[in-house]
Each structure stands twice: as structure tokens, then as C-alpha cells.
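Readers should treat all values here as calculations from the given coordinates under stated rules, not as data from a laboratory. Please read all numbers here as calculations on a predicted model, not as lab measurements. FYI the Cβ positions are ideal-geometry reconstructions off the backbone, even for glycines, and counts take in every protein chain you see.
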Amino acid sequence: MSEEAGKPPVVVVSEETSVTSGTAVQEKLISAARVFSNLLKPTYGPRGLDKMLYKTNGSTAVTNDGAKIVAELMVKHPAAKMMVAMGNTQEEACGDGVTTTMMLCGALLEEANNLLSKGLHPLTLVDGYRTAMAVASEQMDSDAVDVDEERLLGVAETALTGKGTEAAIDIFAPMVRDALTAVEESVDKPGAEHVAMFKIGSGGLRDSHLIRGVAIRRRVLMDSLPNDLVNARTVVIGGDVKIRKMTRTAEIQITSAEQLDGFVEAESERKSELAKALIDSGANLILAGGEIDRDILHDLADAKILAVPELDESELENAAAATGATVLDSVLDIEASDLGLAGSVRWERRQATDQVEDIITIDDCNNPGAVTLAIGGAGETATEEIIRGLHDALRATSIALENGQLLAGGGASHARIAHAVRKASENESGRARLAMDAFARAQETIMATLADNAGKDSLDAVLEMRAAAREDGPAIGIKADGEVGEVPGVWHPRAVIEEGLESSVETAMSMLRIDQVISARGD
Ligand SMILES: Nc1ncnc2c1ncn2[C@@H]1O[C@H](COP(=O)(O)OP(=O)(O)OP(=O)(O)O)[C@@H](O)[C@H]1O
Ligand SMILES: [Mg+2]
């Protein structure tokens, strides 16, 4: 008899802990992934619908943006959490293609599940997926085309499609492209960080426009301040424009009226000195991060200088970048080279209520380092969604500008990948071939969903696409109306598609490698 007999089994975890092993593990993870990707499916593509998100604090958002939905869902399931992490990575890396990535990962796992239940080893699947990914990369090498002016517009349009900008996409897509090309001269890599968003708060979507500079919402302090400046030399000051208060409490005994006069005079002299320094600098526009003294403001108004106080840090930085000015610490050390140039400056009085303030627009800057997309429309929730769409489009378009390679959208590239992987699998003997075929089928979830969301039969669409992908020639994909056909002008940066595919494969593989789930919560 062995020593172990008769002894109670060793318990290393608490009683509530449940341990799942074997294929039940993958089934558990895969069903969570399925729920998650099914949740996003209806939002996918040009005919995708929106989700309304209602948070515990009562705030709502209406969105079609995968990243936003993922960020707002408080998922608990570990498999779903892995997918959330993947979605966040895609959003950070590319700003677009989050829904694609989620759906691909879900499909890869779904396909895996079928093979696992037939007895395939998880690591065989992992190997097959890895080989397939290498074939996919090669196919992308041969399908990628170079970016040009027209296709760049296509990239912006594709990223904006279905994101609430539909009614004015002809305005927004050029705005996105022009915003990035406007900053090209003065920044290394034009990107979304060089483009500010400004909600006009009135009018309609079609009033949206690009400002080659910045827009600021502030009260203009005096009616007599000049308006409609042209080629305004601009000074940007980080802090206050006022005389410094004594830092220590000092008591000054004044014994005569002359002494008091002298004291007041000295103070006003110091103010004049500051005003003089500003006027002498030749500035027409002064932007300050802090307060501007009333007396100094009067002097500036007399000298026909527009001065705007209390800008926040990002406004100051953007204004300095747009005009080419240096943000100064002190008024007294202005040098000619610190001044920037604003092509045009105008301000518009808004009715004085609690919220509405005047809008000051600094526009037409030459080679601006920062520009602004002014978005028309009064609805807050709708404007937020448009900003998300514009942000995706800015990210995608800047990636296209930076690495210059594009792939066709509408499922066209995924269909080509599926075809290439299938072809490559024919040379593969053994079970890895099954995994590669599964990978190819998973790609087809993209076209199936696009067709489905447009109200078309997804199986027919997939079969038609399979046939089309055999031929070289113009990209054939699912058009916005759900029909199979040429999709000219539907472009993604290669990186958006490639990184999305890579991370979906990585995430799926890491789930397939898990052999036990040990849950302390007992579920
Ligand atoms: N005009 C169009 N015609 C056909 N397909 C289009 C068109 N515009 C976009 N698409 C396709 O729609 C899909 C993108 O949909 P969507 O923007 O909803 O998802 P995503 O980009 O993956 O995720 P998200 O934008 O939420 O981060 C891509 O396959 C894209 O090629
Ligand atoms: Mg998108």
C-alpha cells in the first residue's frame, strides 16, 4: 500500500474555486469572445448601426466607434478582457479598424472551436494560424498600392464612413486631408495631435470648416478692441500681463498726500512700462495665459492691439504653433524673433449668457504647426460622435501619409488573403492545413458582415467574393449597398489592416494556449 492512501487529498485552493480543464476551457473562452464580437457586428461598415451607451452616472453616448464601445463596457469575463486589451492596442496604434480586429479574433476562435471539437490539438491550430499569417503578409505585399492625392481622400472617406458624418462626408474628408497637409511643412510627422477640434455650437454640419490656425471661445473684454486684423504679429505670453504684487506683506506708512500720489504714480508707471514693451514689440495680437490688467488693456486698445486673456495651456500652445510664436514667460523680454504671424484674426460677439462666449478665430496662418477643425451643429451627443469619426480619419490618414502603402477596403483585401491562404494550404500536408483553411474562412466574416448589415445574403456574397478573389485586377469588395463589385476609393492604410489582423491572430492564439481556467469566483 502506498503512503498516500488513506490521507485526505491535498487542497491548494479554496472550496469555491472552480477549475476547468481540457477542451471545456477553450469552449468557455470562445463563447465569451463570440458574445463580444457579435455585440459589435451590427455596427460594422457603412450600413452599420449605432449603439447607445448609458452610463451609471446618467451620461449617454451614441456611437458606432468600436474603441468607444469597448472602452465604455465594463467587461468582467477574462476572455472579453483580453479582447478589450486588443481593441485598445488597435485604437492606440491606428485609431481605426477596432471593430474589424474584434470580429476577426471572434471568427478565428469560432473556427478554432469547430476544429478542437473534432479533436485537433490547440498547438496544431496555433502553428497553422502562424503559417497562414505569414502567407497573409506576403499577399499584402503584393496587393498594397502607393498613396496618391486621390487615394488619400479615399482613406479619409473610408474611415469616416458610418460615423455620423455621412451627410457631409464631402466636406469632412477633404477637411481631414487638408488639415494634415497644412501642417506638413512645419512638423515632422503630421498627426491627429496637430489638429484641434472646435465645436461651433450653432448652424449645421455643413458649416464645418478647416481653420488654418485656432479658434478660442472667450469673452472679448472691450468693444473698442480691434477686429478683423490681417497679418497680425502675434505675441503669446504664458502668464499674466500685470504688475507683480508684492510677495511679502509690507506695510507702507504714508504720511502725506504727495506720498500717496507718488505711490500710485509709481504703480501706473510700471503698468505703462509693460504696455509700452508690448506696443513697442510691434504686436497686433496678444494672447495671454493669465490675466491682463485693465489699464494695460486700455493702452493696448488705444494702440489698436487685440488682447485676449486667460487662454488655457493647449490653446496657448496651439496658437503659438499655428502662428510660429514663442510662448514667453515675461512681457519684458520680447524679442522680434518671438513674434508669430496670424494671417487673419476676427472675433464675433455672442450673446452674453452663462455659456456662450465670443469666438475668436485666428486663421490663414502660413505653414501652421497646428490647425483646427471647426464642427457645426448644436447637438452635443451628435457632435461628440463626429469628433470620434474625425479622429479615426485623422489617425488613418496620417498613417497613410507616413508609410505610403494602402490596401483596398470593403473586405477586398481580406478576400485576397483568404484566397492566398487557401492556395498555400494545398501544399501543406497534415493537420496544419485544416487550421489554415479555418484562418481563411475567418477572413470571410468581414465580407459576410458587410453584406449582412446591408441587408444582403451573406453566403452569396462570400461565394461571389471567393470567385472574384482568384483574379488579379481592380479590387472587388462589398460595396456600401451590400452588392459585390469594384470598390474604388475605399482605402485603408496597410498598417490598419495588417496590425489588426496580427493582433487578432495573437490574441486568438494566446487564448488557444490556455489549458486550464482556475476561477476563484467559482464560475
Ligand atoms: N464606402 C464604402 N464601401 C464599402 N465598404 C466600406 C466603405 N467605407 C468603409 N467600408 C468598410 O467598412 C469597414 C469599416 O467599418 P467600421 O468603421 O464600422 O469598423 P472599423 O473601422 O473596423 O472599426 P472602428 O472604425 O469602429 O474603429 C471596413 O471593412 C471598410 O473597408
Ligand atoms: Mg472605421
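Ordered from longest to shortest, the equivalent ellipsoid semi-axes for segment 59-106 are 16, 15, 9 Å, each the square root of 5 times a Cα gyration tensor eigenvalue.
In nm, to one decimal, how far is the ALA336 label point from the GLU310 one, both placed 7 Å along Cα→Cβ? The modelled label-to-label distance comes out at 3.6 nm. For the chain, a simple Cβ point-charge model (Lys and Arg +1, Asp and Glu -1, everything else neutral) yields a dipole of about 1740 debye relative to the Cα centre. Rounded to the nearest 20, the Cβ-based charge dipole of segment 213-367 about its Cα centre (Lys and Arg +1, Asp and Glu -1) stands at 220 debye. Cross-link partners for LYS76 among the lysines, with Cα-Cα distance under 21 Å and sequence neighbours closer than 8 places in the same chain left out: LYS28, LYS41, LYS51, LYS55, LYS68.
The slack between ALA480 and GLU426, meaning 0.36 nm per residue of separation minus the straight C-alpha distance, is 16.1 nm. Treating r as the C-beta distance of SER272 and GLU506 and R0 as 45 Å, the FRET efficiency rounds to 0.10.
Let me make sure I get this right: for segment 384-523, a, b and c are the square roots of the gyration tensor eigenvalues over alpha carbons, sorted descending. Under 1.5 in a/c it's rounded, otherwise prolate if a/b > b/c, else oblate. Which is it? Verdict is oblate for segment 384-523.
Toward the positive end of the charge dipole of segment 1-158, with +1 on the Cβ of Lys and Arg and -1 on the Cβ of Asp and Glu, the farthest Cα among VAL19, PRO46, MET83 is that of VAL19.
Separation of segment 329-404 and segment 482-523, taken as the distance between their Cα centroids, equals 36 angstrom. The orientation-averaged shadow of the Cα convex hull for the chain, equal to a quarter of the hull surface, comes to 36.9 nm².
Taking the Cα centre of segment 371-451 as origin, sum charge times position over the Cβ atoms of Lys and Arg (+1) and Asp and Glu (-1), and report the length of that vector in debye to the nearest 20.
460
The region of the chain that goes longest without hitting one of the GluC sites (Glu not before Pro) in a DSSP loop, each with at most 13 other Cβ atoms within 10 Å, is 17-183. Could you give me D for segment 157-209, from Stokes-Einstein at 10 °C and 1.306 mPa s, where the hydrodynamic radius is the Kirkwood radius over C-alpha pairs? Units µm² s⁻¹, please. Roughly 130 µm²/s, to the nearest whole number. Can you classify segment 174-241 as rounded, prolate or oblate using the Cα gyration tensor, where a ≥ b ≥ c are the square roots of its eigenvalues, rounded means a/c under 1.5, and otherwise it's prolate if a/b beats b/c and oblate if not? Taking the square roots of the gyration eigenvalues as a ≥ b ≥ c, segment 174-241 is oblate. Sorted largest first, the principal axis extents computed over the alpha-carbon atoms of segment 130-185 equal 42, 31, 16 Å. Placing one equal scatterer on every Cα of segment 52-139 and applying the Debye formula, the log10 ratio I(q)/I(0) at q = 0.11 Å⁻¹ is -0.43.
If you sort the three axes of the alpha carbon gyration tensor as a ≥ b ≥ c, you get a/c of 1.5 or more for segment 100-164 and a/b no higher than b/c, which makes it oblate.
I need LYS479, LYS304 ordered by Cβ neighbour count within 10 Å, fewest first.
Fewest to most other Cβ atoms nearby, the residues stand as LYS304, LYS479.
Convex hull volume per residue, computed on the Cα atoms of segment 213-367, equals 132 Å³. Membrane-span-like helices of the chain, defined as complete DSSP H segments with a Cα extent of 18 Å or more along the helix axis and a mean Kyte hydropathy of at least 0.5, are identified as 23-40, 98-117, 169-183. A simple spin-label model places pseudo-atoms 7 Å from Cα toward Cβ; at ILE254 and ASP302 they are separated by 2.2 nm. Candidates ALA448, LEU278, ALA374 compared by Cα position along the dipole of the chain: farthest toward the positive end lies ALA448, with charges placed on Cβ. When Rg and the Kirkwood Rh are both derived from Cα coordinates, the Rg/Rh ratio for segment 464-523 amounts to 1.24.
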